[in-house]
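The values are calculated or read from the model by the stated rules, or taken from the named source; none is laboratory data. Because the structure is predicted, anything quoted here is derived from the model rather than measured. Every residue, glycine as well, gets a Cβ built from its backbone with ideal geometry; the counts of neighbours run over all protein chains shown. With ligands, DNA and RNA removed, areas are computed over all heavy atoms of the protein, side chains included. Shrake-Rupley method; radii C 1.70, N 1.55, O 1.52, S 1.80 Å.
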Amino acid sequence: KRTRSAMILSKLLNNKLYTIIVPNSIKIRRELEYLGRSKSMTYPYTKALFSEEHELVRDSVRQFLDTEANANIDQWLEEGEIPNSFWRKAGEFGFLAVGVPEEYGGPGGDALCRVIIAEEIGYSIAGASMAPAFIGDGVSEIIFHNASEEINRKWMPLMATGEVRFGF
């Protein structure tokens, strides 16, 4: 049985050099492409830990970051913020409040889904600039495991959709 998150995710850069953001990141991308490297580089990881559903999550997160974050990072750096529309789209694809169960509005992913998202952010061109904001989404799980039923019912769906953002 596939979870709602896998179905959402199936709708839908991977070299340590990419984790460094400099003002001229477009130039770096062009140089890497010139060297014959693809935008989605491969990197070693222990595949035995991950299921087929996890690989769908990985591919979806990578695609999402490439089209939604990497393509816009220069503009975001210039403007000094990540727009709310990005967070809503991330929520729509099930990348926020990952460990929150479906009955509370979350995608119902497991801990490995959170690991995959962190890995893909780390390998993304936009990673260093947006990682703290994205990983700050882990607050949703902290609240979920420590808050009352009333608070969870009120805030989890809003956090999972990106409508409301909390942080450390």
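Segment 89-168 holds helices (runs of 4 or more DSSP H) entirely within its bounds, and those carrying 2 or more residues that are modelled with pLDDT of 90 or more, open to solvent by 50 Å² or more (accessible area, probe 1.4 Å) and among the basic types (Lys, Arg) map to 149-160.
Evaluate segment 26-34: report whether one residue or more is over 30 Å from residue 150 (Cβ atoms), among the hydroxyl-bearing types (Ser, Thr, Tyr) and either at pLDDT 90 or above or open to solvent by less than 50 Å² (accessible area, probe 1.4 Å) (or both). The answer is no; no qualifying residue exists.
Quick one: is residue 76 over 25 Å from residue 46 (Cα atoms) and open to solvent by less than 50 Å² (accessible area, probe 1.4 Å)? In short, yes.
Of all the residues in segment 123-145, those that are under 14 Å from the mean Cα position of the chain (by Cα) and over 20 Å from residue 83 (Cα atoms) number 1. Of everything in segment 57-72 that's within 16 Å of residue 88 (Cβ to Cβ) and open to solvent by 10 Å² or more (accessible area, probe 1.4 Å), which residue is farthest from the chain's Cα centre (by Cα)? Ranking the qualifying residues of segment 57-72, first place goes to 72.
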